[in-house]
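Values quoted throughout were computed directly from the atomic coordinates according to the rules given, and no laboratory measurement underlies them. None of the values given here were measured: they were computed from a predicted structure. Don't worry about glycine lacking a Cβ; one is built from the backbone with ideal geometry, like all the others, and counts go over all protein chains shown.
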Ligand code: C2E
Ligand code: MG
Ligand code: MG
Ligand code: MG
C-alpha cells in the first residue's frame, strides 16, 4: 500500500509521502530491534548436482519477528540494503555461516565436499575492510575457504568494478569461490562474465520460470549455458519448481539445480538431517563433481 504514492496526483502526494516516511521510520526501528533481540536466523536450501545429490546449500536470511510468521529475505532485504545496518547484518550472516559450519564439523555432520553459498550485499563491498574481515572470520572458525562461496550481484560491480575486483581477487587467492547471482537480470552483460573472477553463474528464476513456455527463453538459456562452459564457469539454475524444468535444464547441460522441486529453504536442524542422509548414500564415489577437499 505504501508503494503507490503518486507522481501525478499532487493532492495525494503529501499524504502518502507522510505515510511512506512513517513506514520507513517504523521499519527501521523494528529491524534495529530485530538485530538487537537476535530475531534473525539463517535457513539453508540444498543445491543438487546432475545425479540429484545434495552438494551445496545457500544460506538465506530470515526474520523471526515475535508472534508473527517468519519473514523471508525477499520481503525486507531491498529496504535494508539502503541502510547502513546492512553492513552489520552482512557481517552477522557471514559469521553465523562460519559458526554453523564449525558446529556441523564438531558434531560430525559436516561433509568436507560441501560448500555453503552466502549472499553478499553490494553495501558490504563499500567497506574497505571487507576482504580482510572475511578472511579473519574464516580463520577464527578454522574453516576451509573451499567450503564457502560468495554470491555477488552485478550491482556490486557497477560503481566500483576495480575495487570490488581487487577484493574478490584477494578472497579467491585465499581459496574462496565466487558465484554471480541472478544472472540475466538488471545490468547483466556477457562481456562482464569474461572480466570477472567468478566460478559459478546462477541463472535467475525468471528464466527458469519461462523455460517451457517461451522458445526465446529456451534459446537464451541454452546459449548462456554454452557460453559459461566455454568460459569454464559452472551454471546453477535457481527456482527450479517442476520436473519439466529440471529435465530441460539437464538436457541443456546445467550443472546444479536449486528450487522448490527439490527442497524449500529449511532450518539448520532440518538441513543437518538431510546432509546426514546424503552422506550415507555414498554419492561421493559416484559423482565426478564431488571432490573431497
Ligand atoms: P537469491 O539469492 O536469488 O535467493 C533465491 C530466492 O529464491 C530465495 O528467496 C529463495 O527462498 C527463493 N527460492 C528458492 N527456490 C525457489 C523456487 O523454486 N521458487 C520460488 N518462487 N522461489 C524460490 P529469499 O530467501 O526470500 O531471498 C530473496 C533474496 O534476498 C535473495 O535472492 C538474496 O538476493 C537476498 N538475500 C537472502 N539472504 C541474504 C543474506 O543473507 N544477505 C544478503 N545480502 N542478501 C540475502
Ligand atoms: Mg543468492
Ligand atoms: Mg539468486
Ligand atoms: Mg533471484
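Quick check: the angle from helix 85-106's long axis to the longest principal axis of the chain, C-alpha only, nearest 10 degrees?
The two axes meet at around 30 degrees.
Which value in Å does the Kirkwood hydrodynamic radius of the stretch 162-272 take, with 1/r averaged over all unlike C-alpha pairs and then inverted?
Evaluated over the stretch 162-272, this radius sits at 15.0 Å.
Over the residues of the stretch 21-156, compute the C-alpha Rg and express it relative to 2.2 N^0.38 Å.
1.11
Rank 86, 192, 17 by mean-square fluctuation in a GNM of the chain with C-alpha springs under 10 angstrom and give only the top-ranked residue.
Top of the fluctuation ranking is 17.
Using helices alone, I'd like the mean residue ellipticity at 222 nm for the chain: each DSSP H run of four-plus residues gives -39500 (n - 2.57), total over residue count, nearest 500.
-14500 deg cm²/dmol
Sort 163, 177 so that the residue with the fewest other Cβ atoms within 10 Å of its own Cβ comes first and the one with the most comes last.
Result, fewest neighbours first: 163, 177.
Can you tell me which of 233, 83, 47 moves the most in a GNM of the chain? Springs connect C-alpha atoms under 10 Å apart.
Of the options given, 83 has the highest mean-square fluctuation.
Given a cut-off of under 8 Å on Cα pairs at least six residues apart, what relative contact order in percent is computed for the chain?
18 percent
I'd like the orientation of helix 215-230 relative to the chain: the angle between its Cα long axis and the longest Cα principal axis, in ° from 0 to 90, rounded to 10.
60 degrees
With springs only between Cα atoms under 10 Å apart, run a GNM on the chain and tell me which of 204, 15, 162 wobbles the most.
Per the Cα network of the chain with a 10 Å cutoff, 15 tops the list.
So how tilted is helix 268-280 from the main axis of the chain? Cα-based, degrees 0 to 90, rounded to 10.
On a 0 to 90 degree scale, this one is about 10.
Treat the count of other C-beta atoms within 10 Å as a stand-in for reagent exposure and order 91, 198 from fewest to most.
Ascending Cβ contact count within 10 Å gives the list 91, 198.
Let me see the P(r) profile for the stretch 115-171: every Cα-Cα distance counted, bins of 10 Å, each bin given as a percent of all pairs.
Computed distribution, short to long bins: 22, 57, 20, 1.
Note the full-extension length gain between residue 87 and residue 260 as 0.36 nm times their separation in residues minus their Cα-Cα distance, in nm to one decimal.
59.4 nm
Run the quick spin-label model on residue 77 and residue 277: label points 7 Å from Cα toward the beta carbon, then report their separation in nm to one decimal.
Calculated label separation equals 2.5 nm.
Using the 2.2 N^0.38 Å rule of thumb for compact globular proteins, work out how the chain stacks up: its C-alpha Rg over that value, please.
1.05
For the stretch 91-234, evaluate the Debye formula with one uniform point scatterer on each Cα (no solvent term) and list log10 I(q)/I(0) at q = 0.11 Å⁻¹, rounded to two decimals.
-0.46
Let me see the pair-distance distribution of the stretch 53-113: every alpha carbon pair, 10 Å bin width, integer percents in order.
18, 40, 30, 11
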